[in-house]
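The next block holds one structure in the form of structure tokens; read it before the comments.
Please treat every number below as a calculation from the coordinates, not as lab data. Everything numeric here is computed off the predicted structure, so don't read it as measured data. All Cβ positions, even for glycine, are placed from backbone atoms using ideal geometry, and neighbour counts span all protein chains on display.
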């Protein structure tokens, strides 16, 4: 039986809110993530004590947008894939849905409100060096 109480990862993360987006830098994996408002609303509510239906209701109220449990499950699936949910919690999304399936389910107009998580791998110091050695 899977746990229906997802919990966001909090250790070794630097989190900054810029406008409606949330920027997250994982100090352990050296990956940076940019969550749009919808993805951030779900991630912020993953406290290990809130159920998926409650996350959907709370996020919908906060964003003033429709948020279904399927959309929350899809977002949780994406957050889990990117390592932004706590690995110590045995949370498994109930349904595995592809982005294409979710877009078909939501329709063309609602596809613009899809949760988006952009990932950037930060270069190591030696890779980022752009100076001249023998100038």
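Please rank 52, 72, fewest neighbouring Cβ atoms within 10 Å first, as an exposure proxy. Display every interim value, and only then the final one.
On the way: 52 22, 72 28.
Ordered from fewest to most neighbouring Cβ atoms within 10 Å, 52, 72 come out as 52, 72.
Shape descriptor for region 1-59: Rg over Rh equals 1.00 (Cα atoms; Rh from the Kirkwood inverse mean 1/r).
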